[in-house]
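*Asks:* My questions all concern the structure below.
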Amino acid sequence: MAGLKTAKSVSMRNQEPAERKKNFEEVALGYSEEEALTESKRCVHFAPKLLDDGRTILCCPERPCTKGCPVGVDIPDFIKAVRDGEMQKAVDILKAKNSLPGVCGRVCPQESQCQAECVVKDAGDPVEIGRLERYVADWELGQRKKSPLKDLKITPTGKKVAVVGSGPAGLTVAGDLAKNGHKVVMYEALHVAGGVLMYGIPEFRLPKDVVMSEVEYVRSLGVEIKLDHVVGKIITADELLESGYDAVFLGPGAGAPMFLNIEGENLNGIFSANEFLTRVNLMKSYLFPDYDTPVQKSRVVAVIGAGNVAMDATRCALRIGAEQVHIIYRRSMEEVPARHEEVEHALEEGVVFNILTNPIKFIGDEKGNVTEMICQKMELGEPDQSGRRRPFPIKDSEFSIKIDAAIIALGTYPNPVIPETTSELELTRWGTIKTDENTGRTSRKGIWCGGDMATGAATVISAMGAGKRAAKDMDEYLKNN
Amino acid sequence: MNKILKKEILTDKIHMFEVEAPQMAKKARAGQFIILKISDKAERIPLTIADYDRERGTITIVFMEVGKSSTELATLNEGDYIECFAGPLGKPTEDENYGTVICVGGGFAIAPIHAIAKAMKQAGNKVITIIGARTKHLLFWEDKIRAVSDEVTIVTDDGSYGRKALVTEPLKELLTERSDVKLVVAVGPVMMMKFCSLTTKPFDIKTMVSLNPIMIDGTGMCGCCRVSVGGRTRFACVDGPDFDGHEVDWDVLQLRQTAYIKEEKTSMDRYMSEVNKDGSRGDI
């Protein structure tokens, strides 16, 4: 293929596993200018291809990457700007569609989205779009340190929107609507904005100053953020509409953690992943006693589940000093839902995967601390509704693992506070808010929803995609009402 | 940022803040709690609402200096701002007209029982309140309690004021003497709530308790505050904090409250050594 110079992408430097598992510094170190330039040249979108009849066409006219991006970033254009050394232009292209490029460049599952259909992939590695995105976002943050953001002047429409939750969905909606001139007020339950980006994803994958910078950007668009406001408690969605907001977007996030519901689960030393990660990330307990919130330091930790959240929990546990960290997962490696890269990183850092293993009971000492976990071996049968092979316990296969902490990372179910306090809001049978996938509309006029509250637990970028679609529909609604 | 409009030292190590929070005051109800955080590095501290004033737009909280966070909180003064102040959280106490209700408050929980007694009184109940403390000088708000109760019994462990008894003794006598009691609400240390529940059980009188497990976010997200009630795991922050005392697994609650004793001591020791070095609070 013309224009394709190398089959291998430029790899990104990482902190060495032996070193990084002792600190909370970012694992992936990002591209240098030279590396970014080299990688940007691998994109063939604008490369001409000479046809047999003498005509030239673009090598990659279809832009499969942009189609694979939930927020539709004009990927070939920003990569070209990098290649041309026009960094501010690259920033503007990214930010036109994505208010949080520093976040997405780090945590998006690019391998299953933009990079999945990259034409360069046919001849080797796809273009490392995520790494380039991160490079551009980090360049912009560097610029901002030199000259801080100025509040943008946008002609106001006179319409007012309340956004509930300041996670990825809420920030996207707020950013997009503010750019269109609507007055946006965000309501955040916690003491900082950012939602899961602050309490869930660890510092070593997503530095909190990157998140804060993205929040500052949204704020610079004129968005007001009310912290410590639990919607459903201090004010309800109904009251927001009655008090003069023209529209409300609900993006309160994943909600309540699921437990195994097995014996001994309330022993000390057993946490939900949400609790463990909130202590470590949001409350910075890895810096205890400099920070006041503690987290239990454990020697042998079992993390139940094998999604991205489970991987984050294992790696946090190592960093606060655990000697052994085990993943306990009832299916096989093939069904592990976490991103490949996360699994690789965990393995490199020494996390032990106990697959086809299911916990059935926890045992504790007289002080109420967990000391032991009884598990059973599993085998896989026919595929279940999720398409994955259903695990079955093997008879008489029980065995015990000595542990001093267990972290349950099985997912979440919707927090009932907003559904219980909002009238005329239809719910699904899973307790999520019934939402039109394309527009984010709920059953209630004037209320939209997106993110985990609409779909159940999913990714940052899918929440942003939902926010994007909702913002578009809300903008039209606001213009016509 | 919420301003402390009024501070009072109620008794040894027990403090009262009246905090400016107009929007919250409109919504607050007895039995609910707030979460506050006083600085970047501080913990999120849950405190039950002791009173509220919708006209003045204030929320009253009462707390006791126990560990580092509460000791540091006590250094704030009138006019200072509390960095984060979220609420009202949790479900309110069900303040219907039951007929006759006994409210029991022990230790610094005399404050939240005041809010509950007041709500019960406003709902039309005959309110009998029992308050107790270890000794006389740890009692406070007797006048406020009397103002919202039809009958009040005061007990101290050492007999230095009121009757020398535990709160469970007058509780048991009242239940023996009267047949019109429809509900008992007990708020205080775990042991007190447990023994109040054990006391009322033979009389088959519904008993609500306000549980105070360790919490972090307080909005239903982390599950740290899970308690076992009627064999089911519930979250005190969103399903409670009020639960049926006859259904609570007290042993689980008690053990879970001790999870961080070692760290609490580390934190407190460090704080005190800093304070002493600094000299700013050499009096404690």
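The values are calculated or read from the model by the stated rules, or taken from the named source; none is laboratory data. These numbers were taken from a predicted model, which means no experiment stands behind them. Heads up, the Cβs are rebuilt from the backbone with ideal geometry, glycines too, and the neighbour counts pull from every protein chain shown. Please note that ligands, DNA and RNA were not included when accessible areas were found on the heavy atoms of the full protein model with its side chains. Shrake-Rupley method; radii C 1.70, N 1.55, O 1.52, S 1.80 Å.
*Asks:* Looking at this structure, is B:Gly223 small (Gly, Ala, Ser), assigned to a loop (DSSP other than H, G, I, E, B), facing another protein chain (nearest Cβ under 10 Å) and under 21 Å from B:Phe63 (Cα atoms)?
*Replies:* No; evaluated as a whole, the condition is false for this residue.
*Asks:* Right, another one. One residue is enough: does segment A:283-299 have a residue meeting the conditions open to solvent by less than 20 Å² (accessible area, probe 1.4 Å), over 22 Å from A:Gly446 (Cβ atoms), within 19 Å of the chain's Cα centre (by Cα) and more than 10 Å from chain B (Cβ to nearest Cβ)?
*Replies:* So far as segment A:283-299 goes, no, none of its residues is open to solvent by less than 20 Å² (accessible area, probe 1.4 Å), over 22 Å from A:Gly446 (Cβ atoms), within 19 Å of the chain's Cα centre (by Cα) and more than 10 Å from chain B (Cβ to nearest Cβ).
*Asks:* Still on this structure, please answer the following. For segment B:142-186, name all the residues that are assigned to a loop (DSSP other than H, G, I, E, B) and under 19 Å from B:Ala115 (Cα atoms).
*Replies:* B:Val148, B:Ser149, B:Asp150, B:Val167, listed by residue number.
*Asks:* Out of all the residues in segment B:86-97, is one or more in contact with a strand residue (DSSP E or B) (Cβ under 7 Å, 6 or more places away or on another chain), more than 14 Å from every other protein chain (Cβ to nearest Cβ) and of a type outside the set (S, T, N, Q)?
*Replies:* No, segment B:86-97 contains no residue that is in contact with a strand residue (DSSP E or B) (Cβ under 7 Å, 6 or more places away or on another chain), more than 14 Å from every other protein chain (Cβ to nearest Cβ) and of a type outside the set (S, T, N, Q).
*Asks:* Hey, another quick one. Just checking, does segment A:408-422 include any residue being part of a strand (DSSP E or B), modelled with pLDDT of 95 or more and open to solvent by less than 50 Å² (accessible area, probe 1.4 Å)?
*Replies:* yes
*Asks:* For B:Thr199, state whether it is polar (S, T, N, Q) and away from chain A (no Cβ under 11 Å).
*Replies:* yes
*Asks:* Could you figure out which of (1) within 14 Å of another protein chain (Cβ to nearest Cβ); (2) farther than 24 Å from A:Asp292 by Cα; (3) in contact (Cβ under 8 Å) with a residue 24 or more places away in the chain; (4) surrounded by fewer than 22 Cβ atoms within 10 Å (Cβ to Cβ) isn't true of B:Arg232?
*Replies:* (3)
*Asks:* All but one of (1) in the same structural domain as A:Ala322 (by TED's automatic domain parsing); (2) without any contact (Cβ under 8 Å) to a residue 60 or more places away in the chain; (3) of a type outside the set (S, T, N, Q) hold for A:Ile401; state the number of the condition that does not hold.
*Replies:* (2)
*Asks:* Still on this model: Applying the selection to segment A:263-280, what residues are under 24 Å from the mean Cα position of the chain (by Cα), more than 7 Å from chain B (Cβ to nearest Cβ) and not in a strand (DSSP E or B)?
*Replies:* Of everything in segment A:263-280, those that are under 24 Å from the mean Cα position of the chain (by Cα), more than 7 Å from chain B (Cβ to nearest Cβ) and not in a strand (DSSP E or B) turn out to be A:Ala273, A:Phe276, A:Leu277, A:Val280.
*Asks:* Right, something else. Assess whether A:Pro76 counts as being out of contact with any Leu (no Cβ under 7 Å at 6 or more places or on another chain) and surrounded by fewer than 17 Cβ atoms within 10 Å (Cβ to Cβ).
*Replies:* no
*Asks:* Assuming B:Gly67 fulfils every condition listed in (1) surrounded by fewer than 24 Cβ atoms within 10 Å (Cβ to Cβ); (2) in contact with a Lys or Arg (Cβ under 9 Å, 6 or more places away or on another chain); (3) modelled with pLDDT of 95 or more; (4) within 11 Å of chain A (Cβ to nearest Cβ) apart from one, which condition is it?
*Replies:* (3)
*Asks:* Does segment A:220-228 include one or more residues that are within 24 Å of B:Thr58 (Cβ to Cβ), at pLDDT 95 or above, open to solvent by less than 20 Å² (accessible area, probe 1.4 Å) and outside any helix (DSSP H, G or I)?
*Replies:* There is at least one residue in segment A:220-228 that is within 24 Å of B:Thr58 (Cβ to Cβ), at pLDDT 95 or above, open to solvent by less than 20 Å² (accessible area, probe 1.4 Å) and outside any helix (DSSP H, G or I).
*Asks:* Are any of the residues in segment A:126-137 modelled with pLDDT under 90 and either over 22 Å from A:Leu37 (Cβ atoms) or part of a helix (DSSP H, G or I) (or both)?
*Replies:* Checked segment A:126-137: no residue is modelled with pLDDT under 90 and either over 22 Å from A:Leu37 (Cβ atoms) or part of a helix (DSSP H, G or I) (or both).
*Asks:* Looking only at segment B:70-83, which residues are open to solvent by less than 10 Å² (accessible area, probe 1.4 Å) and within 14 Å of chain A (Cβ to nearest Cβ)?
*Replies:* B:Thr71, B:Leu73, B:Ile82
*Asks:* I would also like to ask the following. For segment B:203-215, state whether one or more residues are closer than 21 Å to B:Gly106 by Cβ, free of Cβ contacts under 8 Å to residues at least 40 places away in the same chain, away from chain A (no Cβ under 14 Å) and open to solvent by less than 20 Å² (accessible area, probe 1.4 Å).
*Replies:* So far as segment B:203-215 goes, yes, one or more of its residues are closer than 21 Å to B:Gly106 by Cβ, free of Cβ contacts under 8 Å to residues at least 40 places away in the same chain, away from chain A (no Cβ under 14 Å) and open to solvent by less than 20 Å² (accessible area, probe 1.4 Å).
*Asks:* Among the residues of segment B:124-134, are any surrounded by fewer than 20 Cβ atoms within 10 Å (Cβ to Cβ) and either under 18 Å from the mean Cα position of the chain (by Cα) or not assigned by TED's automatic domain parsing to the domain that holds B:Val187 (or both)?
*Replies:* yes
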